[in-house]
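I have placed the structure first, in the form of structure tokens, so that the comments after it can refer back to it.
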Amino acid sequence: MELFNQKIHEFFKWKPKEFCSAVLGCFVFAFAVNVFIVPNSLYNGGILGISQLIRSMLETFFHIHFSFDIAGIINFLINIPLFIMAYKFISKTFYRRTIICVFFQTLFLTIIPVPTVKVVDEILTSVLIGGIMAGIGGGLVLSSSGSGGGTDIIGLIVSARNKDLSVGKIGRSINIFIYLVCGLLYGIPPMIYSIIYTVISSLVVDHTHKQNICSSVMIFTKDKPDKIVDFIRKELDRDTTYWEAYGGFDESKTYISYSAMSKYEMQRLERHLPELSSSSFLVKSDGIGIDGNFKKNLTE
């Protein structure tokens, strides 16, 4: 077991807990899609949505039927050229994590059976449950610094080269195309319910994905903050401002460091703070608004 944990860390730069969280996220997402969304003939967003449309067109227009949902396998095949782009333009670690996440996502989408009878008769209830579960699953993957591939890769590459574009904008553009095709081929109701499902899952992902939550952090310490500043700059890829102050009680010298970062990065800082400075304490504020030149570190 120790050897397995070591290999996971060496190859994916993942701790065992993060690896398990990413795999669990893939399972929860696939379960939500296969059990609550597919039985209602609804469609996911992103590359998986395109894969589901291809599967539906093969069944509807070419009368090619499969004993299992082939959308997951189509999704993996479409992602292959995107894996190469991730390796070339993003990072090797992100590329490796993306492959393993898409592999498990494909596996679960393929082996989790699609119910022949709907689990929930009311379609809106299915959409709500499926959207919440899919959002939790996607958020777990992202919070583990993993990726479901597809539009994540395209969005990261394009947004890095064009600051007017973002991962969200790229994803929304692709989703508009998917749902327009869905509406034209299969009618307005499936299109509307698919959009509702995507909006719900996106909101839950943003709530679960800690890298989307901005935090401000103030660290008070009696020691010189060199180790703290060094950790924030090298390990979190952030900068920090610090200054000298004097305690109001005994007028002893104190150092205050201030930084803005994601909630995920803040939690990493909290874990390491005792070893960086034994005399320190931290004051934090989550969910703050940040404008201007603030970089979102979505990959490691």
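What's the longest bit of the chain with no exposed chymotrypsin sites (Phe, Trp or Tyr not before Pro), using DSSP loop states and at most 16 other Cβ atoms within 10 Å as the test?
My reading of the result: 69-248 is the longest stretch.
Within the stretch 93-124, report the trypsin sites (Lys or Arg not before Pro) that DSSP leaves as loop and that have at most 16 other Cβ atoms within 10 Å.
Qualifying residues, ordered by number: K118.
Collect residues whose amide H, placed 1.01 Å from N in the peptide plane, falls under 5 Å from the amide H of R238; neighbours closer than 5 in sequence don't count.
Long-range HN contacts for R238: R233.
With Cα extents along the principal axes in Å as the read-out, I listed (1) 113, 57, 29; (2) 80, 42, 38; (3) 54, 44, 38; which label goes with the value calculated from this structure?
(2)
All of the numbers you see were taken from the coordinates with simple rules; none came from a lab. Model, not experiment: these values are computed from the prediction. Every residue, glycine among them, receives a Cβ derived from its backbone with ideal geometry; neighbour counts consider all protein chains shown.
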